[in-house]
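The values are calculated or read from the model by the stated rules, or taken from the named source; none is laboratory data. Since the structure is predicted, the reported quantities are computational estimates derived from the model, not experimental observations. When we count neighbours, we look across all protein chains shown, and the Cβ atoms used for this are built from the backbone with ideal geometry, even at glycine.
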Amino acid sequence: MNILGIINKDKTRIYLDKKKIDLKELFVYFKGDIFNKESLLKKYKLKIKNDEELIKYLYKHEKTSFLKKLDGDFLIVIYDKPKLYLITDKLCNKHLYYYHKDNNFIFSTSLKQIIKDKNFVKEFNKEAIANYLGYDNFSDEQTLFKNTFKLNGGTILTYYQNKVTIKKYFDLVEEYKNSKIEKLTEEEYIKKYEKQFKECLLKLGKPKSIGILMSSGKDSTLLAHLAKKYFKCKINTYTLGFENERDESKPAAKIAKNLKTNHHTIMLKDKDVKKTIAKIPYYYEEPFADPSNIPTIYLIEHIKEKNDFYISGDAVDTIFMNENQNQIYSFKMYIKLFFKKLINIRCRKRVYHNFSEKSQLNIVSCILLDVN
């Protein structure tokens, strides 16, 4: 369910999937999960089943300070006339976008909805485009358009009297700096990590079946092993195969057989690559350079309704601080753009190493078509 809010000359309109909401009283929109919901209900002696009602209660009693007690994967919108609050969880697992220019303030879970509004002025952000072309990513809160931003993790945005104020209630870097590093043996670290991993998995509840996106690598193998260990339900593993020498489906099938999971192999053929690329703008709100989106979209389309939830090994490198390039995204990068020469940009070979030569040509032809 998408939310869209428009504030223009003291008039506020909020829509949930295009249906207008009555704003006579305190309005709360919540999307996601509260992992420590049961402990909060117990602490405050509440019998509330609805997440939004719980957020309303906490906000009425503690204003936004309640966020430090919240553990979860969520985004929250609170309209307490005349103030508006936009809130992300600690790691920003769900995005909120906003546009602010002159007397117009528009926010949404969908960037596509914002740019369709009649008050939106479409101006491209050349600095953001430079960052994207140079580093495969927009830096921090940037988007493709001027005056349009996305909230970072652990953030409270307050909109009041046509002014935007942003405050961090959680900062991962500061949290790390202030933490005490325990001196443990390797075995103790492994046990501690597995305990934390188990706690994270068990927050997912009691599913009837789980889907694991499996390559033949260490991350997905570990995920499948621990899911098999901690859940007493059906564990399905899925591998995407390629029509070239880099196909990992055979070693992945051997691992799955050893783990005794219900394994499935789905092949991504050359003819399917171009069709999948055409779907990328439908699934993503903004340009996304990681070529893994092509096989991921194709795979998910084939399995999306077959399990209660899915687990993948994406972002593990980030958790273990292996992606040093993430540290430079916060800095302003001065890169000259030569739009007329855009067609001559060479595609890095590593981006397409999983695809056959024919598939690579399909990808490049789609890029050149967009440029023209």
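Do the conditions hold for residue 25, that is, is it over 24 Å from residue 153 (Cα atoms) and either modelled with pLDDT under 95 or of a type in the set (D, E, K, R) (or both)?
yes
Between 84, 96, 41, 26, which is surrounded by 14 or more Cβ atoms within 10 Å (Cβ to Cβ), out of contact with any Ser or Thr (no Cβ under 9 Å at 6 or more places or on another chain) and assigned by TED's automatic domain parsing to the domain that holds residue 160?
Exactly one residue qualifies, and that residue is 41.
In region 227-260, what residues are in contact with a helix residue (DSSP H, G or I) (Cβ under 6 Å, 6 or more places away or on another chain), more than 19 Å from residue 292 (Cα to Cα) and not in a helix (DSSP H, G or I)?
235
Go through 166, 87, 115 for me and flag whichever is closer than 24 Å to residue 39 by Cβ and at pLDDT 90 or above.
Only one candidate passes the filter, namely 87.
Out of all the residues in region 11-25, which are touching a residue at least 40 places away in the same chain (Cβ under 8 Å) and assigned to a loop (DSSP other than H, G, I, E, B)?
Within region 11-25, just 23 meets the criteria.
Can you spot a residue in region 114-121 that is in the same structural domain as residue 7 (by TED's automatic domain parsing), part of a strand (DSSP E or B), surrounded by 14 or more Cβ atoms within 10 Å (Cβ to Cβ) and of a type in the set (A, V, I, L, M, F, W, C)?
Within region 114-121, none of the residues are in the same structural domain as residue 7 (by TED's automatic domain parsing), part of a strand (DSSP E or B), surrounded by 14 or more Cβ atoms within 10 Å (Cβ to Cβ) and of a type in the set (A, V, I, L, M, F, W, C).
Spot the failing condition for residue 161; the list is (1) surrounded by 11 or more Cβ atoms within 10 Å (Cβ to Cβ); (2) in the same structural domain as residue 91 (by TED's automatic domain parsing); (3) touching a residue at least 24 places away in the same chain (Cβ under 8 Å), and only one is missed.
(1)
When you check residue 332 against the structure, is it assigned to a helix (DSSP H, G or I) and either outside the structural domain of residue 150 (by TED's automatic domain parsing) or at pLDDT 90 or above (or both), yes or no?
Here the answer is no, as residue 332 does not meet what is asked.
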